[in-house]
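What follows is a single structure, written as structure tokens, with notes after it.
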Amino acid sequence: MSITEFITTAPPRPATARRAATTLPNFPAIEPGQLWLIEVSADGTPSAPARHAVDGANVVIYDRVLAGLLSETLPLGTYAEPAVDGPTGASAPRCVRFTGDGWSVVRLIAARLPQRERAGRVRELVDALAAAMAPSDLAVQIFAEADGICEHEETGLDRLAHLVATHPRDTRLTIVIAAQGSGAARAQAVAGNGLAG
């Protein structure tokens with residue numbers, strides 16, 4: 001039997017499932033002590049990373065402009081509160097305190113912020129983590145999504161602000177900062193929809 005006979009008589013191989021360039025990646029599991037910073041569009045449905053993170057998080061701190069969107073998607077039992085940003089930058093230290101106690105925290109910010117404000121919010125988180133004695137090489141994952149294409153980068157906490165500045169404003173970022181606290185938080189029942197304020 002020649003090779004040509006073999007090829008034409010062989011049963012066709014099933015097509016291998018390939019992920020299209022527009023498919024978003026599998027995001028890491030939500031773990032105790034992790035901090036997720038996710039840019040979310042206030043109009044429309046929540047992004048895949050936002051749904052994934054909010055579904056598994058213990059605490060959600062969000063920009064007020066996202067309250068309507070969040071009230072429709074927040075699972076029962078998840079605590080959420082509006083962010084207190086501004087000159088005091090109180091939200092970043094609050095997120096870090098929650099993660100230090102072992103809670104998984106999602107910080108939702110409005111997408112398409114001016115580059116200076118976006119970088120400032122990330123810098124506030126980095127500074128708050130440094131003040132909490134987080135190691136500078138703490139593992140960080142960045143998922144940058146634009147036009148359905150998602151890029152994944154891994155870095156350390158000390159390079160996070162620099163890498164964020166390299167992404168254009170139209171790119172929606174999901175940043176996952178590894179746990180630096182000790183152990184999981186104690187579970188508590190929460191009544192209502194979880195929204196504070």
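Here are the numbers:
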{"quantity": "Most to least packed among 32-40, 163-171 [average Cβ atoms within 10 Å]", "calculated": "32-40, 163-171"}
{"quantity": "Principal axis box of the range 28-177, alpha-carbon based, largest edge first, Å", "calculated": "37, 35, 32"}
{"quantity": "Global geometry of the range 84-156, whether rounded, prolate or oblate, following the gyration tensor of its Cα atoms and the 1.5 cut on a/c", "calculated": "oblate"}
{"quantity": "Proxy reagent accessibility, fewest Cβ within 10 Å first, across R172, R51", "calculated": "R51, R172"}
{"quantity": "Cβ-Cβ FRET estimate between E153 and L76, R0 fixed at 41 Å, reported to 0.05", "calculated": "0.75"}
{"quantity": "Computed over the range 28-177: relative contact order in percent, which uses C-alpha pairs under 8 Å that are six or more apart", "calculated": "30 percent"}
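None of the figures in this text is laboratory data; all of them are computed from the coordinates on show. Because the structure is predicted, anything quoted here is derived from the model rather than measured. Don't worry about glycine lacking a Cβ; one is built from the backbone with ideal geometry, like all the others, and counts go over all protein chains shown.
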